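Q: Okay, handing you the structure first.
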Amino acid sequence: MTAAPAAAQRERGADMSKRSGRGRGLTRREFMAGVAAAAGSMALPGCGSGATGATGVVGASAATLPHPADSGIDHVVVVMMENRSFDHYLGWVPGADGVQAGVTQTDRGGTVRTSRRLAPQFQNCNLADPDHSYAGGRTQINGGKMDGFLLTQPAGDDFPIGYYTADDLPFFKGCAENWTICDRYFCGILSSTTPNRFYMHAGQTDRISNTVDISTLPTIWDRMLSVGRTVAYYYTDVSYTSYWGDQYKSFSKKYDMTSFAADIASGGLPNLMFVDNVGNTVNEVGGLSMDDHPYADIRNGQAFLNQVYDALRQSPQWSRTLLIVNYDEWGGFHDHVPPPLAPVTDQEKAAGNDGRLGCRVPCVLIGPRARRGHVEHLQFDPNSILNLLAWRFGFEPLGARASSNNLALALDFERAPDPSTPAFTVPAGPFGGLCLPTGEINGADNPVPVPVPVPELPTPVGVPLPVPVQLPPLPGLDVPLPPLPVTPATPLLAQSAAMDEVQRRRDDHERELDELRALGARYGF
């Protein structure tokens, strides 16, 4: 990064008001008290503390950044999971701007529904994968009112306003107690997976939907290699580097957890590593992946993250490593903070991108330079990670968002690095099972609501049933009739239509994954 952008980041950080308790971790008693308080509180959706100013600072401060060579960071590992919003997953974190209980929204059938804890259901196969498209996202945020999340679901489907708590997410519970949670990390665009993953790789996007056209955008891989740094991209099923053809094939590696752990233990950490597990070589649409995309059993995602964490914290290079866990996009799940606008390139504008960031998603910072038991309120987005890399390794920022806060501003450079790492108790699984078209789970240990059938009316005793009369068809009636409208007055038809929508969305997602697998196969991934 040139001297001017770096100086601007430091100047902005120096001007921020000092925050009490910065850098001091929570005791377990303080943490549990905070969880209880968060669980018992109710906040009005959209009325949380809002971001102010160009940097989105909420009463936060940031120490002046050191010289990059003195940062104590030589290895950055980014693990990107799938499709969960901040409120949905981490709204319970003490000290964070989160809302879970008491959210009310109107569904497509006109019924007002209230948010609920989803556990002990961890897959929700009977509900529709929430809409997370460019158009659907704008319906959901509704001009900043954040009250349209059920309007993109079948009537009666409250999945988007459901949530999980600390007891359901043991890895994230451990992170909240011991590491840094960012409660204003927005995804790069209010749209689906592919354009958001482009923001992670390129700091910009050349599309606003999930297409498989080859890209020519410059990437973080180009920047790192241009200054002689080492890189690696680990994937399990679908490789997002294949969007650039075979250009990055040499450092893209298909892995399983055994090979990943062996590579880390050998001291082979590069300067930058991305770790994806999209699809996870099994049926993601059927719920057998570990990437948290519906209908994955989220307990498997927690186990996966804990395995990555355990491998890294035991690495011989841990003392100079930063692990960043984030999510590609919000997945259509409720969040109460309106996403702001951010700069976009002329090419992005031409593609239809209006510059709206996506809803907040979980982002966790782990490593010797991370603050302990801390909630960071600075506004970040995927370019914040890329700007950290540009600052640390010395190259120009990508895209139009050089002004996005450098993620390094959330780290602790006031104290000596602390390499101590607590072990978390996270069940290894595997959990759940295959989501069936009926909405049931094959072989799962978590219950799914079973629809209650409408009972048939009894036939009165002594009254004979009428004999059906076969009439010849009338002319002009041999064309199929249009489907009956789905209304609250026809619950069985509504239920059938909802299951059709569930299956349609599953089919669409499977088609997109198949197209991406085919793209990878074309270039030898």
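The values are calculated or read from the model by the stated rules, or taken from the named source; none is laboratory data. These figures come from a predicted structure and were not determined experimentally. Cβ sites come from the backbone with ideal geometry, for glycine too, and all protein chains shown count toward neighbours.
Q: Output the number of residues of the stretch 403-436 satisfying the condition of being crowded, with 23+ Cβ neighbours inside 10 Å and touching a helix residue (DSSP H, G or I) at 6+ places or on another chain (Cβ under 6 Å).
A: Total satisfying the criteria: 6.
Q: Among the residues of the stretch 128-145, are any assigned to a loop (DSSP other than H, G, I, E, B), on the phi > 0 side of the Ramachandran plot, touching a residue at least 24 places away in the same chain (Cβ under 8 Å) and under 18 Å from the mean Cα position of the chain (by Cα)? Even if it seems obvious, please write down each step before you answer.
A: Going residue by residue through the stretch 128-145, those that are assigned to a loop (DSSP other than H, G, I, E, B) are 128-133, 145.
Within this subset, residues satisfying the condition of being on the phi > 0 side of the Ramachandran plot are none.
No.
Q: Can you tell me which condition E177 does not meet? The list is (1) of a type in the set (D, E, K, R); (2) surrounded by fewer than 22 Cβ atoms within 10 Å (Cβ to Cβ); (3) out of contact with any strand residue (DSSP E or B) (no Cβ under 6 Å at 6 or more places or on another chain), and all the others hold.
A: (2)
Q: Quick one: is V344 assigned to a strand (DSSP E or B), out of contact with any Phe, Trp or Tyr (no Cβ under 7 Å at 6 or more places or on another chain) and modelled with pLDDT of 95 or more? Please lay out each step first, then the result.
A: Working: assigned to a strand (DSSP E or B): no; out of contact with any Phe, Trp or Tyr (no Cβ under 7 Å at 6 or more places or on another chain): yes; modelled with pLDDT of 95 or more: yes.
Criteria not met by V344.
Q: Continuing with this model, one more query. Would you mind stating whether P170 is surrounded by fewer than 24 Cβ atoms within 10 Å (Cβ to Cβ) and within 25 Å of C435 (Cβ to Cβ)? I'd like the intermediate steps shown before the answer.
A: Working: surrounded by fewer than 24 Cβ atoms within 10 Å (Cβ to Cβ): yes; within 25 Å of C435 (Cβ to Cβ): yes.
The answer is yes for P170.
Q: In the stretch 358-404, what residues are under 19 Å from the mean Cα position of the chain (by Cα), in a strand (DSSP E or B) and not charged (D, E, K, R)? Don't jump to the end; show me each part of the working.
A: In the first step, residues of the stretch 358-404 are kept if they are under 19 Å from the mean Cα position of the chain (by Cα); the result is 358-366, 375-386.
The next check asks that each one be in a strand (DSSP E or B); those that pass are 360, 363-366, 375-376, 380.
Hits for the stretch 358-404 are C363, V364, L365, I366, V375, F380.
Q: Follow-up question, since we're still on this one. Is it the case that the stretch 141-156 has a residue that's β-branched (V, I, T) and surrounded by fewer than 19 Cβ atoms within 10 Å (Cβ to Cβ)? Even if it seems obvious, please write down each step before you answer.
A: Keep residues of the stretch 141-156 that are β-branched (V, I, T), which gives 141, 152.
The next check asks that each one be surrounded by fewer than 19 Cβ atoms within 10 Å (Cβ to Cβ); those that pass are none.
Scanning the stretch 141-156 turns up no residue that is β-branched (V, I, T) and surrounded by fewer than 19 Cβ atoms within 10 Å (Cβ to Cβ).
Q: What are the residues in the stretch 327-341 that are crowded, with 23+ Cβ neighbours inside 10 Å and either over 17 Å from D168 (Cβ atoms) or more than 18 Å from the chain's Cα centre (by Cα) (or both), if any? Explain how you work it out, then say what you get.
A: So the first thing to find is which residues in the stretch 327-341 are crowded, with 23+ Cβ neighbours inside 10 Å, and the list is 327-337.
Residues satisfying the conditions are D328, E329, W330, G332, D335, H336, V337.
Q: Looking at (1) under 18 Å from D74 (Cα atoms); (2) free of Cβ contacts under 8 Å to residues at least 12 places away in the same chain, can you tell me which one A350 breaks?
A: (1)
Q: Touching a strand residue (DSSP E or B) at 6+ places or on another chain (Cβ under 8 Å) and surrounded by 24 or more Cβ atoms within 10 Å (Cβ to Cβ) - does that describe any residue in the stretch 204-212?
A: Initially, the stretch 204-212 is screened for residues touching a strand residue (DSSP E or B) at 6+ places or on another chain (Cβ under 8 Å), giving none.
There is no residue in the stretch 204-212 that is touching a strand residue (DSSP E or B) at 6+ places or on another chain (Cβ under 8 Å) and surrounded by 24 or more Cβ atoms within 10 Å (Cβ to Cβ).
Q: Continuing with the same structure: Of all residues in the stretch 337-374, which are under 25 Å from Q314 (Cα atoms) and not charged (D, E, K, R)?
A: P362, C363, V364, L365, I366, G367, P368, A370, G373, H374
Q: Right, something else. Do you know which residues across the stretch 309-322 are part of a helix (DSSP H, G or I) and surrounded by fewer than 23 Cβ atoms within 10 Å (Cβ to Cβ)?
A: Within the stretch 309-322, the subset part of a helix (DSSP H, G or I) is 309-313, 318-320.
D310, A311, R313, W318, S319, R320, listed by residue number.
Q: Here are some residues: Y234, Y185. Which one is at pLDDT 95 or above and crowded, with 24+ Cβ neighbours inside 10 Å?
A: On the way: Y234 fails: crowded, with 24+ Cβ neighbours inside 10 Å.
Selected residue: Y185, the only one of Y234, Y185 that is at pLDDT 95 or above and crowded, with 24+ Cβ neighbours inside 10 Å.
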